[in-house]
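K.L.:
For reference, the structure I am asking about is given below.
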Amino acid sequence: MPALLSVRKISKSYKENTGVFATGKKIVLDKVSFELESAQILAVVGESGSGKSTLARQIVMLEHPDSGEILLHGESLQSEARVHQKIRMIFQNPAASLNPHKRIYQQLEEPLINNTALSQSERSSRIKQSLERVGMGADQVSRYPHMFSGGQRQRIAIARALIVNPEIIVADEAVSALDVSVQAQVLNLILDLKDEMRMSWLFITHDISVVNVIADRVMVLYAGKVMEIGSVKDVLENPLHPYTRKLLQCVPKVGTQLKIISTEGMPYPSAVFPSMGSGCVYRNRCPLVDKICGETEPPMISSARQSVACFKV
Amino acid sequence: MCDLPVLLEVDDLNVDFELRGVSVQAVQSVSLKVSAGETVGIVGESGSGKSVTSLAIMGLIKEPGILRSGSVRIFGEDMLKLSSRQRRKYLGRDISMIFQEPTESLNPVFTIARQIDEVLKSHSSMSRRQRKDRVLELMKIVGMPEPEKTLRSWPHQLSGGMNQRVMIAMAIACNPLLLIADEPTTALDVTVQEQILHLLRRLQQENNMGMIFITHDLSVVSTIADKIIVMYAGQVVEVCDTDDLFLQALHPYTEALLKSLPENYSAINRRMENIKGTPPAVGERLPGCSFQPRCNYARELCSQQKPVLNAIDKYSSRRVRCFYPLDNDSRNT
């Protein structure tokens, strides 16, 4: 039985202006592979520039990878129409992803018109259902987005993603812009939807404390490469990759005082990952760096619990 | 902390916004004090009035905002009574501010060197050569890699974390006595956030600088602040030392905020507690406590009268705006 979604060695690069007339290639994703099972939440974590959002765009077919393939139920993603019905996306800022000029009803109806053959009355009842499922009253359909709070808008964005009964929702920093109390409401909603509708989520975030609450598995990206992947329990309790450990260390926790250390001599975490040639992409920030790290790229070492791309484990 | 000089004293600050003839109270009787070497954290959700408070301190409230009443004294001098020309002598030199979006706060058409130099030009009598040295020194203080090269860059060539360092360099250029940081790390990655927090803490200790740290993130503020002010719907609802807050929240809103932090939950205990309902809408005025409709502990009195910010006998340094603070002893009485 093939996995619901399996991503095999996808790579993506963008053109980059390196001089006045010269262009180069910037590799954003480099042979990323993973699988997503049904009713599972896979969190993707990494710093800005690590390729998280680029990965999301490939999966929903907003862009096409340079190489590699993405399989849904073992079949290659061919027709965009089919993908748009099975995989939906939610963005970070609901105020920007909802159209300010259209009423909620129109915005929810649009994916139904484009992707289904439902009649007008069927569409109307589906819209009501979907709003109720995210905890909003169906009487609010004739309002405009600005009449809702941030949390409500994100619920509407979720309702719009749910409305075509997709199998996978790709959420790109879907709770990052929300206040903590609202964030808690939306996270609970996502967990409920996963259980009730057996829906899978690719949950992109930079907030590791959120990963712990919501995800079943977690994938750590750095400079477009998978550093570590495994169950949330294994990766967060027993991180193997030095980068995963660094990320976990940096998460501020209530009640811990900041240690005063000098930032001098500390390798600067750069959002612009330098082209590193061969070898491990993390090596110039890695405390465990060794000769071999600069020579060959570390292969993915898989154990029963988690997979990690590092020589030093 | 008591023996250190008080840098900033805000007393009964009220800021309204006039919207279509309706006056909205964005900040209601906020008072606070910052001493040298002290960090005061202001925590609250969007719309709680934390940024408006900081703008009022800087004297940056513009139409349709109106400063109704209150005083902002810096070293005893009431800033709000000064003309904007007189105030400008203080701003940028004695008090400075860092904003949330570093990339948007920098001028995109000037190089980094020029932007930092501008601060020195307007607030110091240094010669061109001295300023050039100071700019380079500042880049080193904020831990900028390749300082000479970065100085020749434009903001769009740098990452968010680097731009935030430039903002900090500008803010500390004249060794300010007070730094107001409004969500300085919210837009940054955790690894960069950690470095910026360390940097602020170090600068503060070296220069004995006072700091106001505004954020919506309780876990961040707990690592850096000595004292925390929790704001809700334009009012201060709780004031206390950082350590006390996490031992026992006294205001139901503070407790609810702490419970909404994802770090308290795990794969086993997944359903997070959340605050029911939403904050009062803009301009909505309740006869009683503004948190009452969302409060799990609300009683009859809460919807009838407005609570005041009261000291609590048991905790000398704490104040809370609640009729029934969440403390076992006082709840039973």
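K.L.:
Rg and Dmax of the range B:161-231, Cα atoms, in Å?
P.N.:
11.6, 31
K.L.:
Continuing with the same structure: In degrees from 0 to 90, rounded to the nearest 10, what is the angle of the helix B:160-171 Cα long axis to the longest principal axis of chain B?
P.N.:
On a 0 to 90 degree scale, this one is about 80.
K.L.:
Test of understanding: ordering A:Trp201, B:Trp154 by Cβ neighbours within 10 Å, fewest first, what list do you get?
P.N.:
B:Trp154, A:Trp201
K.L.:
If you don't mind, another one. Suppose the chain between A:Ser176 and A:Ser33 were pulled fully straight at 0.36 nm per residue; how much longer would it get relative to their current alpha carbon spacing?
P.N.:
48.9 nm
K.L.:
Over all Cα pairs of the range B:20-87, how is the pair count split among 5 Å bins, expressed in % and running from 0 up to the last occupied bin?
P.N.:
3, 13, 25, 25, 19, 11, 4, 1, 0
K.L.:
Between A:Ile301 and B:Ala311, what is the spin-label point distance in nm, taking each point 7 Å from the Cα along the Cα→C-beta axis?
P.N.:
6.1 nm
K.L.:
Mind checking the full-extension length gain between A:Gln249 and A:Lys291? Use 0.36 nm per residue of separation minus the Cα-Cα distance, one decimal, nm.
P.N.:
Fully extending the segment from A:Gln249 to A:Lys291 adds 12.6 nm.
K.L.:
Please give the helix B:112-123 orientation as an angle from the longest Cα principal axis of chain B, in degrees from 0 to 90, rounded to the nearest 10.
P.N.:
80 degrees
K.L.:
Just the projected area, averaged over all directions, of the convex hull on the alpha carbon atoms of the protein assembly as shown: how many nm²?
P.N.:
Seen from a random direction, the Cα hull of the protein assembly as shown projects 32.3 nm² on average.
K.L.:
So if R0 is 41 Å, what FRET efficiency would B:Arg85 and B:Asn208 give, r being the distance between their Cβ atoms, rounded to the nearest 0.05?
P.N.:
0.90
K.L.:
Further question on the same structure: For helix B:190-207, what angle does its Cα long axis make with the longest principal axis of chain B, in degrees from 0 to 90 and rounded to 10?
P.N.:
Here the helix axis deviates by roughly 80 degrees.
K.L.:
Now for a different question. For B:Arg114 and B:Asp78, what is the calculated FRET efficiency with R₀ set at 45 Å and r taken between the beta-carbons, to the nearest 0.05?
P.N.:
So the FRET efficiency works out to roughly 0.85.
K.L.:
If you count, for every residue in A:184-193, the Cβ atoms of partner chains within 10 Å of its Cβ, what is the mean?
P.N.:
For this peptide, the per-residue mean of nearby foreign Cβ atoms is 4.
K.L.:
Something else now. I need to check one value: relative contact order of the range A:5-215, counting alpha carbon pairs closer than 8 Å and at least 6 residues apart, in percent.
P.N.:
27 percent.
K.L.:
Determine the percent antiparallel among the DSSP beta bridges restricted to the protein assembly as shown, to the nearest 5.
P.N.:
Among the beta bridges of the protein assembly as shown, antiparallel pairing accounts for roughly 60 percent.
K.L.:
Between A:Arg8 and A:Asn165, what FRET efficiency comes out of the Förster formula 1/(1 + (r/R0)^6) with R0 = 41 Å and r the beta carbon distance, rounded to 0.05?
P.N.:
Rounded to the nearest 0.05, the efficiency is 0.95.
K.L.:
While we're here: Give the residue from B:Pro287, A:Gln78, B:Gln195 lying farthest towards the positive end of the charge dipole for the protein assembly as shown; charges sit on Cβ (+1 for Lys and Arg, -1 for Asp and Glu) and the dipole is referred to the Cα centre.
P.N.:
Final value for the positive-end residue is A:Gln78.
K.L.:
Excluding same-chain residues fewer than 8 positions from A:Lys15, which aspartates and glutamates have a Cα within less than 18 Å of its Cα?
P.N.:
Reachable aspartates and glutamates: A:Asp30, A:Glu63, A:Asp66.
K.L.:
Please compute the Cα-Cα pair-distance distribution of the range B:103-173 with 5 Å bins starting at 0, giving whole percents from short to long.
P.N.:
It works out to 3, 19, 34, 26, 13, 4, 0, in whole percents.
K.L.:
Sort A:89-97, A:51-59 by the packing proxy (mean of other Cβ within 10 Å over each peptide's residues), most packed first.
P.N.:
In descending order of packing, they fall as A:51-59, A:89-97.
K.L.:
Taking a quarter of the surface of the convex hull around the Cα atoms of the range A:201-246, what do you get in nm²?
P.N.:
Result: a mean projected hull area of 3.1 nm².
K.L.:
Taking only complete DSSP H runs, can you tell me which helices of chain A stretch 15 Å or more along their own long axis by Cα positions and average at least 0.5 on the Kyte-Doolittle scale?
P.N.:
Flagged H segments are A:180-197.
K.L.:
Let me ask you something else. Given the Cα atoms of chain B, and with Rh set as the inverse mean 1/r over their pairs in the Kirkwood sense, what is Rg to Rh to two decimals?
P.N.:
A ratio of 0.99.
K.L.:
With bins 10 Å wide starting at 0, give me the P(r) of the range A:5-215 over every alpha carbon pair, in whole percents.
P.N.:
Distribution as computed: 8, 33, 35, 19, 5, 1 percent.
K.L.:
What is the spin-label model distance, in nm, from B:Leu247 to A:Glu16 if the labels are put 7 Å beyond Cα along the C-beta direction?
P.N.:
5.2 nm
K.L.:
Further question on the same structure: Is there a simple number for the mean count of other chain Cβ atoms within 10 Å of the Cβ of residues in B:212-222, and what is it?
P.N.:
3
K.L.:
Calculate the spin-label point distance for A:Ala117 paired with A:Glu196, positioning each point 7 Å from the Cα along the beta-carbon direction, and give it in nanometres.
P.N.:
About 2.9 nm, to one decimal.
Read-outs throughout are calculated quantities, based only on the coordinates presented, and are distinct from any laboratory measurement. Source: prediction; values computed, not measured. Cβ atoms come from the backbone with ideal geometry, glycine included; neighbour counts cover every protein chain shown.
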